[in-house]
1. At a 1.4 Å probe radius, carbon and sulfur cover how many percent of the accessible area of the chain?
2. What is the helix-to-structure angle for 2-15, meaning the angle in degrees between its Cα long axis and the longest Cα principal axis of the chain, kept from 0 to 90 and rounded to the nearest 10?
3. Tell me, what is the per residue accessible area of the stretch 1-42 in Å², probe radius 1.4 Å?
4. Give the relative contact order (percent, whole number) for the chain; include only Cα pairs under 8 Å separated by 6+ residues.
5. How long are the semi-axes of the equivalent ellipsoid of the chain, taking √(5λ) for every eigenvalue λ of the Cα gyration tensor, in whole Å from largest down?
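The values are calculated or read from the model by the stated rules, or taken from the named source; none is laboratory data. These figures come from a predicted structure and were not determined experimentally. Surface areas here come from the heavy atoms of the whole protein model, side chains and all, with no ligands, DNA or RNA. Shrake-Rupley method; radii C 1.70, N 1.55, O 1.52, S 1.80 Å.
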Amino acid sequence: MLFMMIIGTWVHLMYSGDISSTEIVIIAYVLMLVVFAAGFVYQWLRRKPQRL
């Protein structure tokens, strides 16, 4: 979580000059969701079709 908070802070500072902890936490959670979804989709696409 801490690593995502750091990245969220960098992303937030790209478009805003001040630091808002609520927005940074929201950005961090969205980033974690994107990373999870990317891994989930990657594994789903990598799965071999099963024979019947």
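1. 71
2. Long axis of 2-15 versus the principal axis of the chain: about 60 degrees.
3. Averaged over the residues of the stretch 1-42, the accessible area is 76 Å².
4. 35
5. 34, 9, 7
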